[in-house]
Amino acid sequence: IGFKESNIHSELLDQIAKEEDKEVSIIVTVGKGKNKDNVENALTKAKGEKIKHYKLANAFSAKVKVKDIKSIAGVPDVERIYPDFKVKVALDDSVPIIRADTLWSKYNGSGITVAVIDTGIDKNHPDLKNKVVNEVSFAPDEPSPEDGFGHGTHVAGIVAGSGAASGSKYTGVAPGASLMNVKVLGKYGWGTASSVMSGIEYAVDHGADVISMS
């Protein structure tokens, strides 16, 4: 996606036509069986900054002037040049990627209780209202099962969030599931081995079907 007749991504081609002197961050992949040193030399020759090689991807990241991208792309050892594009996490992307939504008509988590062994759950969050069927705290010096850190609520939303706060855009993987709030980590995000062990035992003893320990 983004490549047609050139080994330069279309987004960068647009910039070449309009913003020659602008500095941009790019990713340059090395062709299979090609020499990465030649690619690095091309980036250096183009006065690239922050040049870094990633051995697993066999690619370089660098900051260069837009006008130099074509000369870099012309090096035979260069496979493709991408913009160093932004990446993000979003529940509305991840659920379709694992195809959970294709099962909701038959399996949406109804009848299943997921124990979230974490920092607690904000059961008043619109996406989690009426979801928590059991709650307890084993977090050191924090008897309340409320979430004072945020991570447990985040995880609970991924598991079974209804999507109510976003018009169903950010719906969890199993929106029909119930939640068991087992708090083992406190407001600073830490707990103890014994608090975690206590949480696991509680979840098992109280009928959790699934345990999440993200």
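Just to check your reading of the model, which residue among Leu56, Leu128, Leu91, Leu43 is crowded, with 16+ Cβ neighbours inside 10 Å and at pLDDT below 95?
Numbers: Leu56 fails: crowded, with 16+ Cβ neighbours inside 10 Å; Leu128 fails: at pLDDT below 95; Leu43 fails: at pLDDT below 95.
Result: Leu91 is the single residue among Leu56, Leu128, Leu91, Leu43 that is crowded, with 16+ Cβ neighbours inside 10 Å and at pLDDT below 95.
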Considering (1) assigned to a strand (DSSP E or B); (2) out of contact with any strand residue (DSSP E or B) (no Cβ under 7 Å at 6 or more places or on another chain), say which one Lys67 fails and leave the rest.
(1)
Where a residue in region 75-100 is free of Cβ contacts under 8 Å to residues at least 40 places away in the same chain and its partner, wherever it lies, is surrounded by 13 or more Cβ atoms within 10 Å (Cβ to Cβ) and among the small types (Gly, Ala, Ser), with Cβ under 8 Å and at least six apart
Val75/Ala42
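For (1) in contact (Cβ under 8 Å) with a residue 24 or more places away in the chain; (2) in contact with an Asp or Glu (Cβ under 8 Å, 6 or more places away or on another chain); (3) in a loop (DSSP other than H, G, I, E, B), each residue gets a yes or a no:
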{"residue": "Asn130", "(1), (2), (3)": "no, no, yes"}
{"residue": "Pro143", "(1), (2), (3)": "no, no, yes"}
{"residue": "Gly172", "(1), (2), (3)": "yes, yes, yes"}
{"residue": "Gly189", "(1), (2), (3)": "yes, no, yes"}
{"residue": "Ser214", "(1), (2), (3)": "yes, yes, yes"}
Please work out which residue is modelled with the highest pLDDT, limiting yourself to region 3-40 and to residues that are out of contact with any helix residue (DSSP H, G or I) (no Cβ under 9 Å at 6 or more places or on another chain) and among the small types (Gly, Ala, Ser).
Gly33
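Between Ala115, Ala62, which is closer than 30 Å to Val210 by Cβ and not in a loop (DSSP other than H, G, I, E, B)? Before the answer, list the steps.
On the way: Ala62 fails: closer than 30 Å to Val210 by Cβ.
Every option except Ala115 fails the conditions.
The values are calculated or read from the model by the stated rules, or taken from the named source; none is laboratory data. All figures in this text were calculated on a predicted structure; none of them were measured in a lab. Virtual Cβ from ideal backbone geometry, glycine too; neighbours counted across all protein chains shown.
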